[in-house]
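One structure below.
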Amino acid sequence: MAKLTIDGSAIEVADGTSLFDACRLARGEALPHFCYHPDLSIAGVCRLCQVEVEGMPKLTIACNTSVREGMVVHTRSEKVRNAAQQILEMHLINHPVDCPICDQAGECGLQNQYMNYGLYDSQVAQGDKVLKAKAQVIGPHVILDKERCVLCSRCVRFCNEVTKTGELGIFNRGDRAEIGVAPGRELDNAYSVNTVDICPVGALTSRDFRFQKRVWMLKSTDSVCPGCATGCNVRIDHEAGRIYRLKPRRNAKVNGSWMCDEGRLTYKTVHEADRLGDPLWRGQTVTWAEVPNHLATVAAGGFALVIGSAHLSLEELALLKQVAGAAPVSGGLAGSDMGTGDDILLSADRTPNRRGLALAGLGEHGAAELAALIRAARGAILVHGGDPAAAPEIAGALNGRDNVVYVGTHRRATAQLAALVLPGSMWAEKAGVFANRQGRLQAFAQAVARPGNAREDWRVLADLLPRGGQTIPTSLKALRAATAAQLALNVDLDRLPADGALPGGEA
């Protein structure tokens, strides 16, 4: 351990800690910076994080300096502030200052640093700005504006170190230096939009989000990506009931600072035109007040078979078992929602909670086996989540039955074959817990309202529980406590740590 003094406060940190990180701990905020990123190598090119260390003749960059015993550091001295202003002025000489039309306005590192360390009288005579290419499409998801670039090299390092695809580089020298794609290449790796996230200015922008919404109008909700079993931690940015983008939240134990491009687009299914917003009885819209009568028609004696899905939350799976009672319960169609994975983050399993099925003791069934269970059921069948009838074998088994109840979110194959359809909620419209492929339990929260008269799934299931002899949950908190006890998880599902927890209670 090394003891040092930063801005008059004594601090002790582990040997080898960068001075940048030590200053962050002492100050409660990061030093000004463009090029530093916790999950990339140190470049030391922006020079903004310079600090004054007693005994050193010149200022030193904190990101590339390790702490030493007895260091006395000043981060707010006049000398440090003047250096930051000079560096900012060099960046702004050729910057287009087109903030009113820049997507990054409101979350721009250059704007933030200028407001904190700028507001100075310029010492450089105004000359002709160096003009560079603007609005250049460099890949299927990313647009480059070379004039805005501050040459921090984050995007270059990301493509070299994380995806190892090397599409980007810095070309030319001096004030003509610029970011660009290598000749004959485009930025088309599966994680390309992370370069937009880590760009501190508006040089790289997302083609999906570009000019859609001013960032200061957005509200943010912490969530978990439902696109695969990795369960990347994300932030849902939304406004007036509509989701505009997903951005990764840093979780060193799950996804670091990244997420895949495919996962970013999962929000689009929330706003699809075929969403279910009202209960349906034999294809006709009905009210929730009419549902009990229709339910009594098809499932007066309860359910003979219950089929779940790896898209359901842990709480819903536990409640689904209660609804089933003594009837057989299937975790859904084995092998469904599978794709191609990689060795970075994307899992071949495109469901968010297949490990949750195992925790709940529910097994999946192959198409032939599940179809046999359906045909053998001598009573009503409850299908919750997913779309198993997309498989021809399952559609054939369900076809012609007049006692199928479906709880789901889209008007697709299974909804078309069900007698009674009850509209549930998608992941962004409810709260719950998923278990990712590590088995790590991660909570997600509601960000936007449900369409029409759709309800939270656990409330729909609670209404399906047989009255008498069962404890009917009255809140999500109560349901979570019951779920943890039922599945012997030894963890408080209502107070999971920020980076999730393993079922045994280990963080």
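Within the group Val80, Val162, Val142, which residue is in contact with a strand residue (DSSP E or B) (Cβ under 6 Å, 6 or more places away or on another chain), modelled with pLDDT of 95 or more and β-branched (Val, Ile, Thr)? If you could, list the steps in order and put the result at the bottom.
Values: Val80 fails: modelled with pLDDT of 95 or more; Val162 fails: in contact with a strand residue (DSSP E or B) (Cβ under 6 Å, 6 or more places away or on another chain).
Checking each option against the conditions leaves just Val142.
Among the listed residues Ser313, Ser309, which satisfies the condition of being in the same structural domain as Gly385 (by TED's automatic domain parsing), buried (at least 20 other Cβ atoms within 10 Å of the Cβ), within 19 Å of Leu420 (Cα to Cα) and polar (S, T, N, Q)? Give the derivation first.
Working: Ser313 fails: within 19 Å of Leu420 (Cα to Cα).
The conditions single out Ser309.
Take the residues of region 167-177 that are among the small types (Gly, Ala, Ser) and at pLDDT below 95: which is nearest to Leu204 (Cα to Cα)?
Looking at the filtered set, the residue picked out is Ala177.
Could you check, for region 247-256, whether at least one of its residues is closer than 26 Å to Pro32 by Cα and more than 12 Å from the chain's Cα centre (by Cα)?
Initial filter on region 247-256 (closer than 26 Å to Pro32 by Cα): 247-252, 255-256.
Retained after the next criterion (residues that are more than 12 Å from the chain's Cα centre (by Cα)): 252.
Yes - at least one qualifying residue is present in region 247-256.
Take Val97 and decide whether it is assigned to a helix (DSSP H, G or I), of a type outside the set (Asp, Glu) and either in contact with a strand residue (DSSP E or B) (Cβ under 7 Å, 6 or more places away or on another chain) or under 15 Å from Glu147 (Cβ atoms) (or both). Explain how you work it out, then say what you get.
On the way: assigned to a helix (DSSP H, G or I): no; of a type outside the set (Asp, Glu): yes; either in contact with a strand residue (DSSP E or B) (Cβ under 7 Å, 6 or more places away or on another chain) or under 15 Å from Glu147 (Cβ atoms) (or both): yes.
Considered against the rule, which asks whether it is assigned to a helix (DSSP H, G or I), of a type outside the set (Asp, Glu) and either in contact with a strand residue (DSSP E or B) (Cβ under 7 Å, 6 or more places away or on another chain) or under 15 Å from Glu147 (Cβ atoms) (or both), Val97 comes out as no.
Only one of Arg173, Arg148, Arg185, Arg154 is within 26 Å of the chain's Cα centre (by Cα) and basic (Lys, Arg). Can you tell me which?
It is Arg154.
Select from region 177-188 the residues that are without any contact (Cβ under 8 Å) to a residue 40 or more places away in the chain and either in a loop (DSSP other than H, G, I, E, B) or under 15 Å from Glu262 (Cβ atoms) (or both) and list them in ascending order. Working first, answer last.
Just the residues of region 177-188 that are without any contact (Cβ under 8 Å) to a residue 40 or more places away in the chain, to begin with: 177, 179, 182-185.
The answer is Ala177, Ala182, Pro183, Gly184, Arg185.
From the list Gly385, Gly379, Gly325, which residue is in the same structural domain as Ala488 (by TED's automatic domain parsing), at positive phi, surrounded by fewer than 18 Cβ atoms within 10 Å (Cβ to Cβ) and in contact with a strand residue (DSSP E or B) (Cβ under 7 Å, 6 or more places away or on another chain)?
Being in the same structural domain as Ala488 (by TED's automatic domain parsing), at positive phi, surrounded by fewer than 18 Cβ atoms within 10 Å (Cβ to Cβ) and in contact with a strand residue (DSSP E or B) (Cβ under 7 Å, 6 or more places away or on another chain) holds for just one of Gly385, Gly379, Gly325, which is Gly379.
All but one of (1) surrounded by 15 or more Cβ atoms within 10 Å (Cβ to Cβ); (2) over 26 Å from Gly432 (Cβ atoms) hold for Gly231; state the number of the condition that does not hold.
With respect to (1) surrounded by 15 or more Cβ atoms within 10 Å (Cβ to Cβ); (2) over 26 Å from Gly432 (Cβ atoms), Gly231 is out only on (2).
Determine whether Leu31 is in contact with a helix residue (DSSP H, G or I) (Cβ under 6 Å, 6 or more places away or on another chain), buried (at least 20 other Cβ atoms within 10 Å of the Cβ) and in contact (Cβ under 8 Å) with a residue 24 or more places away in the chain.
yes
Here are Ala435, Ala415, Ala507, Ala428: which of them is at pLDDT below 95 and not aromatic (Phe, Trp, Tyr)?
Working: Ala435 fails: at pLDDT below 95; Ala415 fails: at pLDDT below 95; Ala428 fails: at pLDDT below 95.
Residue meeting the stated conditions: Ala507.
Does Gly332 satisfy being at positive phi and buried (at least 20 other Cβ atoms within 10 Å of the Cβ)?
Values: at positive phi: yes; buried (at least 20 other Cβ atoms within 10 Å of the Cβ): yes.
So Gly332 passes the test.
Residue by residue through region 8-27, note down the ones that are without any contact (Cβ under 8 Å) to a residue 12 or more places away in the chain and under 23 Å from Ala43 (Cα atoms).
Asp21, Arg24
Show me the strands (runs of 3 or more DSSP E) found entirely inside region 218-325 where at least 1 residues are touching a His at 6+ places or on another chain (Cβ under 8 Å), closer than 21 Å to Leu496 by Cα and not hydrophobic (A, V, I, L, M, F, W, C).
By residue number, 219-224.
For Asp463, which of the numbered conditions (1) among the acidic types (Asp, Glu); (2) closer than 30 Å to Gly396 by Cα; (3) surrounded by 18 or more Cβ atoms within 10 Å (Cβ to Cβ) fails to hold?
Exception for Asp463: condition (3).
Which residues, counting only those in region 52-65, are surrounded by 13 or more Cβ atoms within 10 Å (Cβ to Cβ) and either farther than 11 Å from Leu4 by Cα or charged (D, E, K, R) (or both)?
Glu52, Leu59, Thr60, Ile61, Ala62, Cys63, Asn64, Thr65, listed by residue number.
Please determine whether any residue of region 9-26 is over 30 Å from the mean Cα position of the chain (by Cα), within 24 Å of Ile87 (Cα to Cα) and buried (at least 18 other Cβ atoms within 10 Å of the Cβ). Steps first, please.
Going residue by residue through region 9-26, those that are over 30 Å from the mean Cα position of the chain (by Cα) are 9-16, 19.
Subsequent filtering for residues that are within 24 Å of Ile87 (Cα to Cα) retains 19.
Next, only the ones that are buried (at least 18 other Cβ atoms within 10 Å of the Cβ) stay: 19.
Checking region 9-26: at least one residue is over 30 Å from the mean Cα position of the chain (by Cα), within 24 Å of Ile87 (Cα to Cα) and buried (at least 18 other Cβ atoms within 10 Å of the Cβ).
Scan region 264-286 and tell me whether some residue there is over 25 Å from Ala418 (Cβ atoms), surrounded by 20 or more Cβ atoms within 10 Å (Cβ to Cβ) and either at pLDDT 95 or above or in contact with a Cys (Cβ under 8 Å, 6 or more places away or on another chain) (or both).
yes
Return a yes/no flag: does region 391-401 have any residue that is under 22 Å from the mean Cα position of the chain (by Cα), buried (at least 22 other Cβ atoms within 10 Å of the Cβ) and either at negative phi or in contact (Cβ under 8 Å) with a residue 24 or more places away in the chain (or both).
Our first condition is that a residue be under 22 Å from the mean Cα position of the chain (by Cα); within region 391-401, this holds for none.
Taking every residue of region 391-401 in turn, none turns out to be under 22 Å from the mean Cα position of the chain (by Cα), buried (at least 22 other Cβ atoms within 10 Å of the Cβ) and either at negative phi or in contact (Cβ under 8 Å) with a residue 24 or more places away in the chain (or both).
List, please: which pairs have Cβ atoms under 6 Å, are six or more places apart or on different chains, and start with a residue in region 148-176 that is among the acidic types (Asp, Glu) and end with one that is surrounded by 14 or more Cβ atoms within 10 Å (Cβ to Cβ) and not in a loop (DSSP other than H, G, I, E, B)?
Taking only residues 6 or more apart or on different chains, the pairs are Glu167/Cys159; Glu167/Val181.
The values are calculated or read from the model by the stated rules, or taken from the named source; none is laboratory data. Please read these numbers as outputs of a predicted model, since none were measured by experiment. Positions of Cβ are generated from backbone atoms using ideal geometry, with glycine treated the same way; all protein chains shown enter the neighbour counts.
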